Amino acid sequence: MSISESTAERYTLADPDVRLMLQVREGDAQAFEELMLRYQNRLMSLLAHLIGQRDLAEDLTQEVFLRVYRARKRYVPGAKFSTWLFTIAGNVASNALRSKSRRREVHLAPRTSDSAPQSLEAAAVAASGLMPTRQLDKAEMCAAVQQAVAGLNERQRMAVLLAKFEHFSYSILAR
């Protein structure tokens, strides 16, 4: 797909991140570092929600930035920078989920002995004074939401997560 000069000019003027990416395209390492600082936490959060594993999300965030860097010479501003970046992130997440579904993993729960000290989480809950019924309700609600989001197709899941965590509007995401 070819991008017209007027479209590229419009996004260059409107989006400071597009201007940074254009500097990256010209070899400015500091501009790339600035983009990473602006987006790494947001990307990691989105990928953690898409994948369901924080440690894998960290690796995938690095993969997204590697792909951005590798594609820097071919970058043409045809949309907001964040749209381009989150499209790459969605593709990386899809690839990871596909790869993950092909592997069979077994997670073993760590053994605990009765004499072992309380876990940090259990101690925090006990110290907080939260009522167990409220904790149970919250856990059930969280599980229901996670199950509902997991039941969406990939495109819908990405739209919900971008709307929730990146405050994108659904009308923009529908394009």
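Read-outs throughout are calculated quantities, based only on the coordinates presented, and are distinct from any laboratory measurement. The model shown is predicted, which means the values in this text are computed figures rather than measured ones. When we count neighbours, we look across all protein chains shown, and the Cβ atoms used for this are built from the backbone with ideal geometry, even at glycine.
Sequence-ordered 3J(HN,Hα) estimates for region 152-160 from the Karplus curve with 6.51, -1.76 and 1.60 and θ = phi - 60° stand at 6, 6, 4, 5, 5, 4, 4, 4, 5 Hz, glycine and proline given as x.
The residues neighbouring LEU66, those whose beta-carbon lies less than 15 Å from its own, together hold a net charge of +1 under the Lys/Arg +1, Asp/Glu -1 convention.
Backbone phi angles across region 41-49, fed through the Karplus curve with coefficients 6.51, -1.76 and 1.60 (θ = phi - 60°), yield HN-Hα couplings of 5, 5, 5, 4, 4, 4, 5, 4, 6 Hz in residue order; Gly and Pro are listed as x. Can you work out the FRET efficiency for the pair ASN91 and GLN30, with r the C-beta to C-beta distance and R0 = 25 Å, to the nearest 0.05? Once rounded, the FRET efficiency stands at 0.40.
Relative to the present Cα-Cα distance, how much length would full extension add between LYS100 and LYS73 at 0.36 nm per residue of separation?
In short, 6.6 nm is gained.
Diffusion of region 1-103 by Stokes-Einstein, at 25 °C in a medium of 0.890 mPa s and with Rh set to the Kirkwood radius over alpha-carbon pairs, works out to 172 µm²/s.
Amide hydrogen proximity for PHE168: with H placed 1.01 Å from N in the peptide plane, the residues at 5 or more positions away or on another chain lying under 5 Å are ALA163. Calculated FRET efficiency, ALA150 to ASN41, Cβ-Cβ distance, R0 = 25 Å: about 0.65 to the nearest 0.05.
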